[in-house]
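Throughout, read-outs are computed from the coordinates displayed, never taken from laboratory work. Here the structure is a predicted model, which is why all the values come from computation and not from measurement. Note that each Cβ is placed from the backbone with ideal geometry, even for glycine, and that neighbours are counted across all protein chains shown.
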Amino acid sequence: MANPWRGDVALEIDGQTHVMRLTLGALAELENSLEEPSLMALVERFESNQFTSQDVLDLLQAGLRGGKCDIEDDALYHGTIAGGPIAAARAAAELLARAFTVAGT
């Protein structure tokens, strides 16, 4: 079960629910993969609805790794996400929001 206070976000891929989390290591990997100078540029893209499908996939991959989910990248790229692309984008945005929100605020 996803614990929002810990930064967890659930995502269902091919009928199986995975709990994602952006740990510090996952954030570092994400930052390294971005074509931007910082994670804040990615946050700004999501806030202004200027994100790309690759941004969504990068975030979900980082969240799956941070959540120690045993899923191959290919399964994310070619699997069926419950709720489709909109649900995937919402989950990615929620991962970012929870990573940068102080618990209890």
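Here are some notes:
- Scanning segment 1-38 for residues being touching a residue at least 24 places away in the same chain (Cβ under 8 Å) and more than 22 Å from PRO85 (Cβ to Cβ) gives a total of 7.
- Note on segment 10-45: residues that are assigned to a loop (DSSP other than H, G, I, E, B), hydroxyl-bearing (Ser, Thr, Tyr) and within 15 Å of the chain's Cα centre (by Cα) amount to 1.
- Among the residues making up segment 59-76, those that are assigned to a helix (DSSP H, G or I) and surrounded by 19 or more Cβ atoms within 10 Å (Cβ to Cβ) are LEU59, LEU60, GLN61, ALA62, GLY63, LEU64, ARG65, GLY66, LEU76.
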